[in-house]
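Derivation of every value follows stated rules applied to the coordinates shown; laboratory data play no part. Source: prediction; values computed, not measured. We place every Cβ from the backbone using ideal geometry, glycine too, and count neighbours over all the protein chains shown.
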Amino acid sequence: MTTAVDIRDLSITFATDGGDVQAVRGVTLEVQPGEVLAIVGESGSGKTVTARTILGLLPETAITRGAVILDGTEITRLDPAGLRAVRGPKAAMVFQEPSSALNPVFPVGWQLAEGLRAHGGVGRKDARAVAIDMLRRVGIPEPERRVDYYPHQFSGGQKQRIVIAMALALKPKVIIADEPTTALDVTVQAEILDLLRSLRDEEGTAIVLITHNMGVVADLADRVAVMLNGELVETAPVGELFAAPQHEYTQRLLAAVPRLEVTDRQAPQTDAAPLVVAKDLVIEYPGRFGRGGFRAVDGVSFTLAPGEVVGLVGESGSGKSTIGRAIAGLTPVSDGSLEVLGMQMLGVKERQFRPLRKDLGFVFQDPATSFNPLLTIAQNVAEPLIVHGMAKDPSDARPRVDELLEAVQLPGAFGDRYPHELSGGQRQRASLARALALDPKLLIADEPTSALDVSVQARVLELFGEVQERFGFATLFITHDLAVVDMLAHKVVVLHRGEIAEYGRTAEVLGAPKDEYTKRLIASLPVPDPVEQAARRAEWAALNR
């Protein structure tokens, strides 16, 4: 049987204005048909660059040495026409962000059929029939009707399924899956992993999985390759690697994974009034063109006391971010009651709420888009101080900015850098520093660690816990990662389709869930242990029968 992918002594150098950058150094790997090879490592380790070489997707500035053989074809020697011939029939790629991989102006059926017509000489009618069949195979409901839908009419998980269907359309020997579940909820993630597993088992497809989620590796991979600074530091079967990691970096990587251990964290005792009181809260988005409105939050009640951390968890569309935005005064309340810092938000006017904004901090999911790229980190962090009249200009605010950067463990010199000059973890620390600039009483953190590498995430979460205890602010922590909630939150609110499925102390909700939805949510969370994960997968399958 021909090896699906054979990489021999691969080195990749990028020519830049600042000199040559060696991204990959002497990597040798093999992937057999029907095997899942996971390539893991932090950002910048070279894992994505290595995988993209299999499809010849490197920019012109890349200088490649070594051999990359895909199903008997040497990829590095092919011209553009030769590369087009192997992309699709021999190998296909599932990208991390399906929204950027799908064309927003064409129906998904047309996009699926495009590859078939380009490679297979298939007629329009036959291509449509195959597109419908592929959508059915990846679990899209009503494929005959939804084949004519546009990308924006699908959820995030469904868009990822469509991208997988596009990759499968020409029955490739190899699928390269680049962080295919990073931005997905745990239940949707479990379904996508189930789909990829069935492809391996039923079609004999080889899968190269690029991820930083060690739970996903334990769930899906047969073999693991660990990369660090462009080099391969360890390769082993999945069970062997998790049971006895040899390299010190692999040991560090596994130790950094947050685990659901059900920690009973006690909230600080206080007689002060709660900072947030939601009672039968209703939030509706108005309909357009005569259609009825959409009720995103329906009858939600919970409280958030000073110094307390409350985790708000649930799938996409459950209403958790909507509640966060309503507390921040960014989304109007439709009915019920929501008191924030003593202010009733039902019918509140912006001029009434504005004086309270200095007591609210917000940490966004992607700090890269929340920072002004034209300003330095110090200027970005100083912005709230200037807006609220606590400093005249960035230089006047600099002592306070340096103090904040030190609190989040960033050297003061980083203040003179621009956002693009910091790593993802460093930008998230700077984002936390900006949120704390005005000594807020309440912090809203919306998925602040979901896009970070596992080791970077561990450091940011540890830092978050330390800073929260030091400054004593209350936090609404919005996330779909239950292990993160377990690590930080005193109480947890589980949302399902805009309603509360379960609410209580974190140890009680996660340790002994009563609601079927909460049980499903916990069972779908992959754990970094192949043996335990196999048992959890069986439990998840039983709950979803």
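Here are a few things to note about the model shown:
- Rh by Kirkwood over Cα pairs, then Stokes-Einstein D for the range 160-210 at 0.692 mPa s and 37 °C, µm²/s: 294 µm²/s
- Antiparallel DSSP beta bridges within the range 165-290, percent to nearest 5: 55 percent
- Within the range 306-503, percent of DSSP bridges classed antiparallel, to nearest 5: 25 percent
- Since only Gly336, Gly46, Thr449 are under comparison, the one whose Cα sits farthest along the positive direction of the charge dipole of the chain, derived from C-beta charges on Lys, Arg, Asp and Glu, is Gly336.
- Beta bridge orientation in the chain: antiparallel %, DSSP, nearest 5: 55 percent
- For the pair Thr270 and Glu248, label points projected 7 Å from Cα toward Cβ lie 4.3 nm apart.
- Extension gain (nm, one decimal) between Phe106 and Glu421, 0.36 nm per residue minus Cα-Cα: 109.8 nm
- Zero-based 10 Å bins, Cα pair distances in the range 306-503, whole percents: 9, 35, 37, 17, 2
- Anchor Lys125: lysines whose Cα lies under 22 Å away (excluding residues fewer than 8 positions away in-chain): Lys171
- Cβ charges +1 (Lys, Arg) and -1 (Asp, Glu), total dipole of the range 306-503, debye: 560 debye
- Here's the list of aspartates and glutamates a cross-link from Lys358 could span, going by alpha-carbon distance under 15 Å and ignoring same-chain residues fewer than 8 apart: Glu350, Glu383, Asp439.
- Here the simple spin-label model places points 7 Å from the Cα toward Cβ, and for Arg84 and Asp280 these points are separated by 6.4 nm.
- Selection among Leu37, Pro355, Gly66 by position relative to the dipole of the chain gives Pro355 as farthest towards the positive end (Cβ unit charges, Cα centre).
- The mean sequence separation of alpha-carbon pairs under 8 Å and at least six residues apart, normalised by the residue count of the range 306-503, gives a relative contact order of 36 percent.
- The range 289-350: radius of gyration and largest Cα-Cα distance (Dmax), Å: 12.8, 45
- Cα lying deepest toward the dipole's positive end in the range 153-210, options Ala190, Gly204, Gln158, charges on Cβ: Gly204
- Across Lys279/Lys349; Lys441/Lys519; Lys349/Lys392; Lys320/Lys519, pairs whose alpha-carbon gap is larger than 22 Å: Lys441/Lys519; Lys349/Lys392
- Calculated from backbone phi, Karplus (6.51, -1.76, 1.60) coupling profile of the range 455-466 in Hz, x at Gly/Pro: 6, 5, 4, 4, 5, 5, 5, 4, 5, 4, x, 5
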